[in-house]
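Have a look at the structure below before the remarks.
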Amino acid sequence: MLILVINCGSSSVKYELFGENRDSDLFSLENRSLSLFSGSVERIGEKGSSCKNHYEAVGVIRKRLFAPDKKRIIRKVDDIKGIGHRIVHGGEEFSKATEITRGVLKSIARSSKLAPLHNPSALEGIKACARYFRGIRQVAVFDTAFHQSLPAYAYLYGIPFSFYKKYKIRKYGFHGTSHRFVASEAAKKLGKSLTKLKIITVHLGNGCSMAAISGGKSIDTTMGFTPLEGLLMGTRTGDMDPAIVTFLMEKEGLSVNEMNEVMNNKSGLLGLSGVSNDMRDIARAAKKGNKRAHTAFKIFVYRIKKYIGAYAAVLGGLDGVVFTGGIGENMPEIKKTLAANLRPLLGNKVKFLTIPTNEELLIARDTYKLIKKTKTREYKNAKSKT
Ligand code: ADP
């Protein structure tokens, strides 16, 4: 059985093809050996790019999948049993992976106003798959779904309740697939059932977020209504006093778009250091004595420390802290420093772990499980027509 994972970003489409091992239920295993091949189509819609939009990009992916050198792996569209899509925003409508039907498409479209750069591209990707991989069942796996278990006191902001009712302004949280994946891997490493563990997951990539996970359920997370809230990131501010926004707009004469650009693309490690948004450059510059890079690095680590303390309190105990993402996986010194610093507070029993994230594998597993478990009406109809 083959499962194709499609991840439509704002200007790229990544894909990965997973296969089943006959010896065992490989989709329940943690290794990457079931990944048959992967790739991406980048710079969609940019000058000189061969793809005008995400729809065309899926056409390119289909061609690549059926290239002559792949014949031993895949011969016909029907060899693919399911296509799993990463969807950034599921709003309040989805708390788990869902097979895509017309109704689900409409719901994803409704959430587009909350993720204007991502959901529309994902919708295009789904529609393109329906054409280029006709008849193959499709599944949506949402970044926000894992955090739908947050209680109202964690997800509501202190603004008039009418704005929540009118615009659905609340904390949604992101990176849900990554937090869920590393939490379940951590349980395996700790040799305990996830339902019995209190874990903090720390995803440090270009975007950074943390989650407090109790018994396998997310009960709080640092990103909010948008990915801007929480930790310091490559180019995003993370937490700050909202009055800074109106102050700066007035003093600098910034438009809404310009202010958004400052907060999303000019702040964080880049804005503070003036060096780069890339942690490798920041670490190098700090070592060479660049003071602003050094301070930016300190702020980055300080916020993680602050949230570990807060989430240990929120969880009412703690078994493990898990680091993942490009920075989390490659800079063990951050984990070591924090573990040493927090020992007096947390004691010696709390384990600090590094676990590589693999969102595509989790999307493939979710897709596989759903397809194995259910036969939807739409699917049956589609089958009976052919
Ligand atoms: P994304 O959020 O786009 O998936 P990644 O998870 O790949 O991003 O993380 C990107 C970040 O990881 C960048 O800040 C990069 O500097 C950092 N990174 C990647 N490799 C290393 C490394 N060997 N040492 C330190 N940081 C690294």
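Throughout, read-outs are computed from the coordinates displayed, never taken from laboratory work. Nothing here was measured: the structure is a model prediction, and the numbers come from that model. Every residue, glycine as well, gets a Cβ built from its backbone with ideal geometry; the counts of neighbours run over all protein chains shown.
Just for region 270-286: of the residues that are among the hydrophobic types (A, V, I, L, M, F, W, C) and out of contact with any Asp or Glu (no Cβ under 8 Å at 6 or more places or on another chain), which one is nearest to Arg236 (Cα to Cα)? It comes out as Leu270. For region 281-291, indicate whether the set of residues that are small (Gly, Ala, Ser) and either away from the ligand (no atom under 14 Å from the Cβ) or closer than 12 Å to Leu231 by Cβ (or both) is non-empty. Yes, because at least one residue in region 281-291 is small (Gly, Ala, Ser) and either away from the ligand (no atom under 14 Å from the Cβ) or closer than 12 Å to Leu231 by Cβ (or both). Taken together, the residues in region 327-342 that are among the β-branched types (Val, Ile, Thr) and either within 30 Å of Tyr15 (Cα to Cα) or away from the ligand (no atom under 15 Å from the Cβ) (or both) amount to 1.
List, please: which pairs have Cβ atoms under 7 Å, are six or more places apart or on different chains, and start with a residue in region 328-346 that is over 13 Å from Phe300 (Cα atoms) and end with one that is within 16 Å of the ligand (Cβ to nearest atom) and among the β-branched types (Val, Ile, Thr)? Close Cβ pairs (under 7 Å, with a partner that is within 16 Å of the ligand (Cβ to nearest atom) and among the β-branched types (Val, Ile, Thr)) amount to Glu329/Thr354; Pro332/Thr354. Residue count for region 343-377 satisfying the condition of being hydrophobic (A, V, I, L, M, F, W, C) and within 16 Å of the ligand (Cβ to nearest atom): 4.
Could you please find all residues in region 234-285 being within 19 Å of Glu333 (Cβ to Cβ) and small (Gly, Ala, Ser)?
Passing the criteria: Gly234, Ser273, Ser276, Ala283, Ala285.
Hey, could you check region 80-101 for residues that are more than 17 Å from the chain's Cα centre (by Cα), touching a residue at least 40 places away in the same chain (Cβ under 8 Å) and not in a strand (DSSP E or B) and say which is farthest from Lys373 (Cα to Cα)? Filtering first and then ranking leaves Thr101. Of all the listed residues (Ala145, Ala152, Ala183), the sole one being under 16 Å from Lys217 (Cα atoms) and without any contact (Cβ under 8 Å) to a residue 12 or more places away in the chain is Ala152. Can you name the residue in region 269-280 that is farther than 30 Å from Ile199 by Cα and assigned to a loop (DSSP other than H, G, I, E, B) and is also nearest to the ligand (Cβ to nearest atom) among such residues? Ranking the qualifying residues of region 269-280, first place goes to Ser276.
Are any of the residues in region 158-167 hydrophobic (A, V, I, L, M, F, W, C), without any contact (Cβ under 8 Å) to a residue 60 or more places away in the chain and buried (at least 18 other Cβ atoms within 10 Å of the Cβ)?
Taking every residue of region 158-167 in turn, none turns out to be hydrophobic (A, V, I, L, M, F, W, C), without any contact (Cβ under 8 Å) to a residue 60 or more places away in the chain and buried (at least 18 other Cβ atoms within 10 Å of the Cβ).
Can you find, within region 297-326, the residue that is nearest to Glu359 (Cα to Cα) among those that are in a helix (DSSP H, G or I) and within 12 Å of the ligand (Cβ to nearest atom)?
Filtering first and then ranking leaves Gly325.
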